[in-house]
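Working notes for the structure below.
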Amino acid sequence: MDELPAKRKGEVIEGYRILSEIGRGAASVIYLAQDQRSKQVVALKHVEKRDAKDQRFLDQAEMEYKVASRLDDPRLRKIFKLFKKGPLLKVRELYLVMELVDGISVDRHPPATFEAALDIFREVALGLAHMHAKGFVHADMKPNNIIISDDGTTKVIDLGQSCEIGTVKERIQGTPDYIAPEQVHCREITPKTDIYNLGATMYWVLTRTKVPTALSGGDSLVGRRDDHLIEKAKPASEINTRIPDRLNTLIMMCIEVDPLRRPASMDAVAESLGFVLEQLRSKNRAAAPDPDDDDEQTDIMSVGDR
């Protein structure tokens with residue numbers, strides 16, 4: 001499919017002046033824009049339907065807004081408004097006015113220390129726990145959907161695949177190296193799905209290795225095989241021996257194929273991450289009483305492995 005044509009710099013759409021293009025998706029373009037009245041700078045997402053197959057992108061964007069409008073957590077990207085263009089039953093394009101998240105994604109700049117990684121993981125878990133309490137699942141948690149700002153703030157973005165708890169999707173949606181088995185087999189999407197996605201994310205951040213999933217390798221036939229045939233991931237601590245035992249146990253529980261064997265809730269995951277983080281900080285304080293000393297033992301990987 002041809003790319004959507006870019007809007008001109010300076011063009012005004014529903015009161016928002018286009019400043020520049022900052023990203024593209026399958027059927028969308030994201031712009032840096034400014035509210036002409038308040039002068040607030042935002043991210044403006046444009047989604048356009050050019051043929052019948054594109055209707056799903058409009059539906060997805062509407063769901064993204066519906067979910068975001070029910071959430072209120074600083075760790076989750078806010079979506080302020082939704083504008084539709086065209087007759088009610090023949091909407092061909094829409095715009096989402098989103099919070100501008102200025103930072104770099106974890107896949108592009110992974111944390112260098114366990115303390116930094118654990119702090120990020122815990123913030124993500126708390127944000128997702130808020131979603132679950134409101135009745136929704138993110139359903140696409142992965143490293144490039146976690147943004148770290150210059151001041152260290154963690155923000156979860158991209159609610160494009162989010163849905164209500166218990167949703168059974170008609171088609172496979174997710175990212176192959178982080179997707180849960182129930183997503184591949186089009187079973188109910190639940191908070192345990194986010195737990196798996198986050199577990200696979202933690203696994204990659206700490207080992208730079210992706211877990212084997214039902215879609216690993218891009219073979220569509222793999223997605224139809226039984227759960228018990230999915231290759232079991234090697235313990236994370238066998239790949240990176242610096243990973244604390246308790247953290248390894250948590251990660252491996254999160255990526256269990258059977259949802260019943262995963263942690264009971266995202267709140268429980270956040271609590272476990274907080275416990276490991278405090279243990280590590282206490283150990284480091286005892287080992288390095290001088291706050292100016294660097295403790296290399298907290299590095300996730302040796303310099304040669306990075």
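Remarks
- Residues that are surrounded by fewer than 24 Cβ atoms within 10 Å (Cβ to Cβ), in a helix (DSSP H, G or I) and either within 16 Å of the chain's Cα centre (by Cα) or not assigned by TED's automatic domain parsing to the domain that holds residue 177 (or both), drawn from the stretch 193-216: 204, 205
- Where residue 55 falls short, out of the listed (1) farther than 14 Å from residue 98 by Cβ; (2) of a type in the set (S, T, N, Q); (3) in contact (Cβ under 8 Å) with a residue 12 or more places away in the chain: (3)
- Considering the stretch 271-294, and only residues there that are aliphatic (A, V, I, L, M) and assigned to a helix (DSSP H, G or I), the residue that is modelled with the lowest pLDDT turns out to be 287.
- Listed conditions (1) part of a strand (DSSP E or B); (2) surrounded by fewer than 19 Cβ atoms within 10 Å (Cβ to Cβ) are all met by residue 148, apart from (2).
- Residue satisfying all of: in the stretch 252-290; loosely packed, with under 15 Cβ neighbours inside 10 Å and of a type in the set (Asp, Glu); nearest to the chain's Cα centre (by Cα) among these: 258
- Strands (runs of 3 or more DSSP E) wholly inside the stretch 25-120 that include at least 1 residues being hydroxyl-bearing (Ser, Thr, Tyr): 28-35, 93-98, 103-105
- Condition check for residue 122: surrounded by fewer than 19 Cβ atoms within 10 Å (Cβ to Cβ), under 15 Å from the mean Cα position of the chain (by Cα) and modelled with pLDDT of 95 or more: no
- Considering 60, 36, the condition of being of a type in the set (S, T, N, Q) and either in the same structural domain as residue 128 (by TED's automatic domain parsing) or at pLDDT below 95 (or both) is satisfied by 60 alone.
The values are calculated or read from the model by the stated rules, or taken from the named source; none is laboratory data. Nothing here was measured: the structure is a model prediction, and the numbers come from that model. A quick note on method: Cβ atoms are made from the backbone with ideal geometry, for glycine too, and the neighbour counts reach across all protein chains shown.
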